[in-house]
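The values are calculated or read from the model by the stated rules, or taken from the named source; none is laboratory data. Keep in mind the model is a prediction, meaning the values are calculated, not measured. Glycine also receives a Cβ, built like all others from the backbone with ideal geometry; neighbour counts cover every protein chain displayed. Heavy atoms of the whole protein, side chains included, go into the accessibility calculation; ligands, DNA and RNA do not. Shrake-Rupley method; radii C 1.70, N 1.55, O 1.52, S 1.80 Å.
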Amino acid sequence: MIKIPGYLRPPAHTQPAYIDPRYASTVKRGPRQAPILLPHTISEITGPVFGWDDIKETDYDLTKQHEGEPLGERIIVTGRVVDEFGRPVRHTLVEVWQANAAGRYRHKVDQHHAPLDPNFTGCGRTITDADGCYKFVSIKPGAYPWKNHPNAWRPQHIHISLFGPSFCTRLVTQMYFPGDPLLDCDPMFLSIPSEAARRRLISALDWETTVPDQALGYRFDIVLRGRDATPREEPKGHP
Ligand SMILES: [Fe+2]
């Protein structure tokens with residue numbers, strides 16, 4: 001029988017605790033008992049993860065989903081999705097969702113005092129190319145208040161979901177912007193224990209993708225779990 005390797009588990013001390021009192025809602029929803037580690041099954045490792053036939057080519061551009069253009073500072077977000085061994089994660093689904101420039105989501109739960117933008121829904125998706133690269137065009141999301149503690153404000157951020165090659169590798173994360181003063185007082189950001197891991201969630205201003213007179217570029221590379229097997233070095237001279 002062929003043994004198909006599963007996927008690596010996250011290294012210790014890189015993931016937030018399930019319960020962090022500074023991030024108030026985790027106290028109610030976090031598990032109080034240690035999770036049971038289940039081995040990956042063959043259907044999780046090899047099964048299909050999503051259908052992307054119906055993804056339109058324009059889905060990556062959140063500024064072109066309505067009659068008019070949304071208000072706000074134009075941004076271009078690009079990056080490369082790789083596994084832990086630096087190999088590109090090709091043809092994988094990347095989805096984003098975000099608040100508008102005023103910091104409001106188009107969602108019935110978000111009723112805080114900020115305007116909706118009729119030309120902005122705030123959702124996009126795309127597929128990585130053969131080199132694992134992706135691109136989104138959008139507007140910079142605004143900071144918004146939340147009810148975690150008195151006068152709590154979330155830093156500007158974009159939510160990102162990636163399925164990767166398998167359900168075992170799905171990652172839901174947030175991308176932040178460099179120099180945001182709210183990062184240092186955001187319990188969600190600070191719940192990540194490692195300073196290095198926190199830094200990896202902050203995008204970098206990117207002059208390579210900045211378009212003069214149009215949009216600032218931000219770079220955000222993403223690493224997904226690799227296979228739980230020793231990577232094989234390519235023989236010398238192999239293309
Ligand atoms: Fe958010």
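Under the condition of being farther than 17 Å from residue 73 by Cα and of a type in the set (Phe, Trp, Tyr), which residue from the range 134-174 is surrounded by the most Cβ atoms within 10 Å (Cβ to Cβ)?
Ranking the candidates gives 134 first.
I'd like to check which strands (runs of 3 or more DSSP E) are fully inside the range 158-234 and have at least 1 residues that are within 16 Å of the ligand (Cβ to nearest atom).
Hits in the range 158-234: 171-176.
Of all residues in the range 132-157, which are under 19 Å from residue 204 (Cβ atoms) and either within 13 Å of the ligand (Cβ to nearest atom) or outside any strand (DSSP E or B) (or both)?
132, 140, 141, 155, 156, 157
Restricting attention to the range 20-58, and to residues there that are touching a residue at least 60 places away in the same chain (Cβ under 8 Å) and within 17 Å of residue 192 (Cα to Cα), which single residue is most open to solvent (accessible area, probe 1.4 Å)?
If we take residues in the range 20-58 being touching a residue at least 60 places away in the same chain (Cβ under 8 Å) and within 17 Å of residue 192 (Cα to Cα), then 22 is most open to solvent (accessible area, probe 1.4 Å).
State which residue is farthest from residue 183 (Cα to Cα) when the search covers only the range 109-122 and only residues that are open to solvent by 70 Å² or more (accessible area, probe 1.4 Å) and either touching a Lys or Arg at 6+ places or on another chain (Cβ under 7 Å) or at pLDDT 95 or above (or both).
It comes out as 118.
Name the single residue, out of those in the range 78-100 being within 14 Å of the ligand (Cβ to nearest atom) and in a loop (DSSP other than H, G, I, E, B), that is farthest from residue 223 (Cα to Cα).
In this case the residue turns out to be 100.
Looking only at the range 101-128, how many residues end up being more than 15 Å from the ligand (Cβ to nearest atom) and within 13 Å of the chain's Cα centre (by Cα)?
2
Output the residues belonging to the range 12-70 that are β-branched (Val, Ile, Thr) and more than 30 Å from residue 127 (Cα to Cα).
19, 26, 27, 36
Could you say whether any residue in the range 66-89 is open to solvent by 20 Å² or more (accessible area, probe 1.4 Å), under 17 Å from residue 155 (Cα atoms) and modelled with pLDDT of 95 or more?
Yes, there is a match, as at least one residue in the range 66-89 is open to solvent by 20 Å² or more (accessible area, probe 1.4 Å), under 17 Å from residue 155 (Cα atoms) and modelled with pLDDT of 95 or more.
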